[in-house]
Amino acid sequence: MAARKAHTKTAKASTVLPPKPSPKISRLRGVDTWKEAAEWLRARGIEDIECITPDLAGVPRGKMMPTSKFTSNTSLALPSAIFRHTISGEYPDETEEFRYDSRDSDIKLVPDLSTLSVVPWETDPTAQVICDIVDTEGKAVRYTPRNVLKHVLDLYKERGWKPVVAPEIEFYLVAKNDDPDYPLRPPQGRSGRSIQGGQGYSIAGINEFDELIDDIYHFSAAQGLEIDTLIHEEGPAQLEINLRHGDPIELADQVFLFKRTIREAALGHGIYATFMAKPMQGQAGSAMHIHQSVVDAKSGKNIFSNPDGSASKEFYHFIGGMQQYVPKTLVMMAPYVNSYRRLTPGHGRPRQQCLGQRQPHHGLPRAGVRRRRAPRGEPSAEFGRQSLPGAGGFARGRLSRHRQGARADAAVRRHGQ
């Protein structure tokens, strides 16, 4: 009798898949709640977190702490005096118009969780978050840059408008220089030579620093920051990064973080990045051009343009606001001696307080507004372009945006009633 085959039932091994992370936890940048923040930090093994805020010169100030302390509802206090010292860290003397807070009271950092991101250049897993500033009673401190910009945006919101901006960031790469009394000079590129100028829009000029630029791209991507384009400007080792247009708060935050990113990437290659308005005598200066437009919040219509493509009355009121208020705000827009070294003949620098279509020497193409339209020429693409004399190479980018926005809003309110 033939032996029967033994039939054995083999149980399939069950595989338990780990739960998929929430889409919000997978974001490169920003969460909505503290619970999501804790999960986001845990998923990345973050050990330390930097709670930062820009001072009046755009310098990051704040505190660094272990992640466990950050997520335990710790109060983060700073002295209010940090918003009263100069770019060199000194404290100005009191005058009849200027007085320090006699109490020297504390102010508090309030993390904006929508800005949470990694710090990709740190060796230990580190994150960063931009913070708003409130007083001991929880009220917004009105003179801090982020709060001022929010107030200006509220003025637009009251009129049913939504401003849109797109920054262009200019900066120089320079060789390391331990003595500030010696002039800055261009660094050596991959060819072993220093660029001497005349490299505007040169791809070869960009490729001299291709490894550094790769790091800038990688660091930016890790933080959820989007670069639109990058070019070599006219000066030796002078570059320009353009950001995509969007919300003024979000773009101000991105510019703030881009400064850190570019400087850290440069240090990793043994060179410096500087955003000074005029770092080298006889060479082109640096600024931050800000493309600006205003749309109707409901219809999305660009209020700077009429249906036939001609400039609207609101656009000319916008220009009038710049002419009226730019001189009054230069003390903040161009606060340093170096800012005014850029205002010299040549190199397309702003010296005239007037509207220009293409002329870079007119005050309101580059120290105010240039009327432009996107290449396709649609009326909806109308915008103004502004670049003031050099706030330390956009050191005060957030204040620049809020003052430009405030000038425009004031002008249109004044003339458009």
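The values are calculated or read from the model by the stated rules, or taken from the named source; none is laboratory data. No experiment lies behind these values; they were computed from the predicted model shown. All Cβ positions, glycine included, derive from the backbone under ideal geometry; neighbour counts span all protein chains shown.
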Every residue in the stretch 72-95 that is surrounded by fewer than 16 Cβ atoms within 10 Å (Cβ to Cβ), on the phi < 0 side of the Ramachandran plot and among the polar types (S, T, N, Q), please. S72, T74, S75, T86, S88, T95
Restricting the first residue to the stretch 86-109 and requiring it to be within 22 Å of V59 (Cβ to Cβ) and touching a residue at least 40 places away in the same chain (Cβ under 8 Å), which pairs with a second residue that is of a type outside the set (A, V, I, L, M) and part of a strand (DSSP E or B) meet a Cβ separation below 8 Å and a spacing of at least six or different chains? L109/C51; L109/T53; L109/G62; L109/K63; L109/C131; L109/D132
Any hit, the stretch 259-270, residues being among the β-branched types (V, I, T), within 15 Å of the chain's Cα centre (by Cα) and at pLDDT 95 or above: yes
Of the conditions (1) modelled with pLDDT of 90 or more; (2) out of contact with any Ser or Thr (no Cβ under 8 Å at 6 or more places or on another chain), the single one that G282 does not satisfy is (1)
Does E122 qualify as being exposed (fewer than 10 other Cβ atoms within 10 Å of the Cβ) and either in a loop (DSSP other than H, G, I, E, B) or aromatic (F, W, Y) (or both)? no
Considering residues of the stretch 46-69 that are of a type in the set (D, E, K, R) and closer than 23 Å to L28 by Cβ only, the residue farthest from the chain's Cα centre (by Cα): E47
Expected single match for without any contact (Cβ under 8 Å) to a residue 60 or more places away in the chain and more than 23 Å from R27 (Cβ to Cβ) among I216, I227, I169, I206 is I206
Residue, modelled with the highest pLDDT, within the stretch 43-72, restricted to residues that are in a loop (DSSP other than H, G, I, E, B) and acidic (D, E): E47
Condition first: over 18 Å from L155 (Cα atoms) and at pLDDT 90 or above. Now tell me which residues in the stretch 309-328 satisfy that. S312, K313
Looking only at the stretch 147-187, count how many residues are part of a strand (DSSP E or B) and surrounded by 15 or more Cβ atoms within 10 Å (Cβ to Cβ). 14
For H218, are the conditions met, namely being part of a strand (DSSP E or B) and in the same structural domain as V164 (by TED's automatic domain parsing)? no
